[in-house]
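This report refers to the structure that appears directly beneath it.
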Amino acid sequence: MANELHTDYWERDFVRTEEPKEYNTLNVGPTHPATHGVFQNVMLMDGEFIVETEQTIGYIHRAFEKIAERRPFYQITPLTDRLNYCSAPLNNMGWHMTVEKLLGIETPKRVDYLRIVIMELARIADHLICNSVIGVDSGALTGFTYLFQSREFIYEIYEEICGSRLTTNMGRIGGFERNFSAKAWDKIRYFLKTYPAKLAEFENLLARNRIFMDRTINVGSFPADRALAYGFTGPNLRACGVDYDVRVMNPYCSYDEFDFFIPLGQNGDTYDRFMVRQEEMRQSLYIIEQAIAKLDKMEDKQIYYASDPRFVLPPKEKVYNNMEALIWHFKIVMGETDIPAGEVYHCIEAANGELGFYLVSDGGRTPSRLHFRRPCFIYYQAYPEMVKGTMLSDAILTMSSMNVIAGELDA
Amino acid sequence: MFKINTERNQLVIKKLSDKFLDAIVQHEVIADMLCITIAKEAIYPALLFLRDDSDLKYDFLTTLCGMHYPEREQLGVVYHLHSLTNNHYVRVKTATELSNPILPTATTIWPSANWMERETFDFFGIQFQGHPNLVRILNLDDMVDFPLRKEFPLEDQTRDDKDDSMFGR
């Protein structure tokens, strides 16, 4: 009897059939430090590997498209600030250009160049955060602390130009609210002089770092055809090897006069996305230098807005001393100018990709419909496919290299 | 101010009207973009044709958004298609009646339409037939209304202490 039990015991151990796998559900977010924003991923985990991912977004949805239907055009600019808040001036300029397209305002060349200076600064600020955060998520905090000084400096430049730092509300329809001050130019020049060295120092920390390379190469790679099918744009698409850049393909704001090249990746992995952003920052510096050279050559340095009294606020001295200027001032501020009926789509190369504005006007004083093409919202849906079968720690790195900004995701 | 590629616009209209002559409701160039309105019965084959035709190749769905036309009692969808090979945009519109808003899904043509259609459903209530997972995306799951429709004005309409006539609507 005892013997039987004994053999039975051993036999059971040897012919043990494989037990069904035990999956765990893991919540990453909505308030998880690794998501860098308010959105949730419910992951079905097999040990440390991801079997499936379900995304929940909309935690900071603020219904901008609805709010915009009740606001005069110049009051929509602060809404665009809050889309991709890491590069608010880019969104602002994109919105101004959309309205200018609808109204048929032609901006002076000097305004275009000033805009390019500020847009490329914003692009640097955005890429810089994304790249240093890739470092943080792979365990290298040092580069982050170095580069944040530079971001701080870019915000100081914004401050000199428009008075605010994060949500800038910079510029007006037709140009800028005021000319760049001498102090602002000093800061821009100082930034151009000092930033390349800092960027090189940062790149030295990571780009050929064995640990960083092991963590990022072939992590979250995505083939180019899938990326196009999922509507990738911007650095994420270019990392896959597709040379689509709105600045070159459909130049706006006189970008066609500038000389720069578009960095491309090969594998579409996290390392490629990192390197593409690094090179884009250098190209942005180069573009700013060219813009400043062009601006220096211009004779009249007082042009900073298009001459269109319907939408450009007259200078304050005139408002106080001139009746017509006072009337126009009130008409603009009260949103009393009718907009011609029509519809336009305008897109710019924002830091994350093609940021588009589809604006429909029925002739009223507010848009009858405004739709934002938010690059984040469109490419983030590919995330489950990108991380399927990878490890959790790689999925975190993939997410930060995609630069998903919650404000842009949720509108 | 902006350049219009008339040649290519005409090619698109010619190619489309060869196949879908009855379905093209209207075509015009608004600002810099060709805008084609297609009846909802033919929208799926027309989109597929626009993507697959070797001369057109609208292989990239830039954006997709809903519209509400209260005066016509219709809901609409606007597709912005981009041909990366020819660098040409085209805007395709379609409409469906408000009482029974059903349209075919574009997710089988461009996977990126998935979330954009969910967003459109979320805000306008358009049912995309064949969509793999048509649930709300940005709003609460148990919400019953479709907030971007024009019957929901932003301010409380019972208030009479505010005169909003200056805003034109």
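Just so it is clear, none of the values below were taken in a lab; they were calculated from the coordinates. What you see is a predicted model; the values in this text were computed from it and never measured. Note that each Cβ is placed from the backbone with ideal geometry, even for glycine, and that neighbours are counted across all protein chains shown.
In Å and from the alpha-carbon atoms only, list the Rg and Dmax of the range A:318-365.
16.3, 46
PRE reach from A:Met391 (point 7 Å along Cα→Cβ): which of the range A:29-72 fall under 17 Å by backbone N?
Correct set: A:45-51.
Cβ neighbours within 10 Å, averaged per peptide: list A:155-163, B:70-78 in order, most packed at the top.
A:155-163, B:70-78
Can you list the trypsin sites (Lys or Arg not before Pro) in the range A:296-334 that are in a DSSP coil and have 16 or fewer other beta carbons within 10 angstrom?
Listed in order of number, the matching sites are A:Lys301, A:Arg310.
Between B:Gln127 and A:Lys21, how many nm apart are label points set 7 Å from Cα along the C-beta direction?
Result for the modelled spin labels: 3.7 nm.
Can you put B:His131, A:His346 in order of Cβ neighbours within 10 angstrom, beginning with the fewest?
Lowest count first: B:His131, A:His346.
Give the order of A:Phe176, A:Phe49 when sorted by the count of other beta carbons within 10 angstrom, beginning with the fewest.
Ordered by Cβ neighbours within 10 Å, fewest first: A:Phe49, A:Phe176.
When the helices in chain B are scored as -39500 (n - 2.57) per DSSP H run of 4 or longer and the sum is shared across all residues, what 222 nm value do you end up with, to the nearest 500 deg cm²/dmol?
Dividing the helical sum by the residues of chain B leaves -7000 deg cm²/dmol.
Can you pull the one-decimal nm distance between simple spin-label points at A:Glu159 and A:Glu317, each 7 Å off the Cα toward Cβ?
Roughly 2.9 nm, to one decimal.
Whole Å is fine, so just give me how far the alpha carbon centre of the range A:179-253 lies from that of the range A:116-136.
The two parts, judged by their Cα centres, are 8 Å apart.
What is the spin-label model distance, in nm, from B:Glu7 to A:Asp214 if the labels are put 7 Å beyond Cα along the C-beta direction?
5.6
Once the convex hull of the alpha carbons of chain B is built, what does its volume come to per residue, in cubic angstrom?
Convex hull volume per residue, Cα atoms: 146 Å³.
With a cap of 13 neighbouring Cβ atoms within 10 Å, and only residues DSSP puts in a loop, list the trypsin sites (Lys or Arg not before Pro) found in the range A:197-284.
The qualifying sites are A:Arg208.
Taking one equal scatterer on every alpha-carbon of the range A:95-155, how large is log10 of I(q)/I(0) by Debye at q = 0.21 1/Å?
Taken in order of the listed q values, log10 I(q)/I(0) reads -0.80.
Would you mind giving the average projected area, over all directions, of the Cα convex hull of the range A:126-198 in nm² with one decimal?
Orientation-averaged projected area of the Cα hull: 5.5 nm².
Does anyone have the angle between helix A:270-297 and the longest principal axis of chain A? Alpha-carbon axes, 0 to 90°, nearest 10?
On a 0 to 90 degree scale, this one is about 10.
Show log10 I(q)/I(0) for the range B:11-98 at q = 0.13, 0.23, 0.25 Å⁻¹, two decimals, from a solvent-free Debye sum over equal Cα scatterers.
Each listed q corresponds, in turn, to -0.39, -1.21, -1.40.
So, by mean Cβ neighbours within 10 angstrom, what's the order for A:25-31, A:53-59 with the highest one leading?
Ranking, from highest mean packing down: A:53-59, A:25-31.
Helix-derived [θ] at 222 nm for chain A: sum -39500 (n - 2.57) over DSSP H runs of at least 4, divide by residue count, nearest 500?
-15500 deg cm²/dmol
Hey, fewest Cβ within 10 Å first, where do B:Trp110, A:Trp95, A:Trp185, A:Trp328 land in order?
A:Trp185, A:Trp328, B:Trp110, A:Trp95
What's the Kirkwood radius of chain A in Å, using all Cα pairs?
Result for chain A stands at 23.1 Å.
Out of the range A:173-270, which GluC sites (Glu not before Pro) are coil in DSSP terms and have no more than 16 other C-beta atoms within 10 Å?
A:Glu177
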